[in-house]
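Undergrad: Supplied in structure tokens, the structure appears directly below.
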Amino acid sequence: MRIRLAILAAIFAAFFFLTPPEVPLCGFRWLTGHPCPLCGLTHALFALSKGHIVEALRFHALSPLAAAILIAVVANRCLSSRIYQMTAVLFALYGIARLLI
């Protein structure tokens, strides 16, 4: 359990003390010019770690959900596959909405 907490603390520290990369990380966006369902999530997690919730929501509306899932995965909380499936569906719907708007 201590190792998991140390990993979680290291991830949080990296997001808190570092700045997001300036290089676009999304191959889909690079190829098509359109955002994928995860575009903006890295910047949003950096903003969330600093407590900038509104900024994080501007980068990606589902960033608090992604942060909660990340914490649960690292903390090794047994989440049902149903939660992962619902999260994947939400991200897919969000990605489709971003393409249409």
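The values are calculated or read from the model by the stated rules, or taken from the named source; none is laboratory data. These numbers come from a predicted model, not from an experiment. Neighbour counts are summed over all protein chains in view; Cβ atoms, including those assigned to glycine, are modelled from backbone coordinates with ideal geometry.
Undergrad: Among the residues of region 73-101, what is the count of those that are in a loop (DSSP other than H, G, I, E, B) and either in contact with a strand residue (DSSP E or B) (Cβ under 6 Å, 6 or more places away or on another chain) or of a type in the set (Ser, Thr, Tyr) (or both)? Please lay out each step first, then the result.
TA: Restricting attention to region 73-101, the residues satisfying the condition of being in a loop (DSSP other than H, G, I, E, B) are 75-80, 101.
Now drop any that are not either in contact with a strand residue (DSSP E or B) (Cβ under 6 Å, 6 or more places away or on another chain) or of a type in the set (Ser, Thr, Tyr) (or both), which leaves 80.
Looking only at that region, the number is 1.
Undergrad: OK, next. Spot the failing condition for residue 30; the list is (1) under 16 Å from residue 97 (Cα atoms); (2) touching a Pro at 6+ places or on another chain (Cβ under 8 Å); (3) not β-branched (Val, Ile, Thr), and only one is missed.
TA: (1)
Undergrad: Is it true that residue 16 is surrounded by 15 or more Cβ atoms within 10 Å (Cβ to Cβ) and touching a residue at least 12 places away in the same chain (Cβ under 8 Å)?
TA: When the stated conditions are applied, residue 16 does not pass them.
Undergrad: Is there a residue being in a helix (DSSP H, G or I) and within 24 Å of residue 83 (Cβ to Cβ) anywhere in region 20-39?
TA: No; the residues of region 20-39 include none that is in a helix (DSSP H, G or I) and within 24 Å of residue 83 (Cβ to Cβ).
Undergrad: Residues of region 18-51 being modelled with pLDDT of 85 or more, aromatic (Phe, Trp, Tyr) and farther than 16 Å from residue 68 by Cα, which ones?
TA: Across region 18-51, there are no qualifying residues.
Undergrad: Now for a separate question. I need the full set of residues from region 56-69 which are of a type in the set (A, V, I, L, M, F, W, C) and either under 8 Å from the mean Cα position of the chain (by Cα) or on the phi > 0 side of the Ramachandran plot (or both), in order please.
TA: The answer is 62, 65, 66, 67.
Undergrad: What are the pairs with Cβ atoms under 6 angstrom where one residue, in region 63-87, is closer than 16 Å to residue 42 by Cβ and touching a residue at least 60 places away in the same chain (Cβ under 8 Å) and the other, located anywhere, is of a type outside the set (Lys, Arg) and surrounded by 15 or more Cβ atoms within 10 Å (Cβ to Cβ)? Sequence gap at least six, or different chains.
TA: No pair meets every condition.
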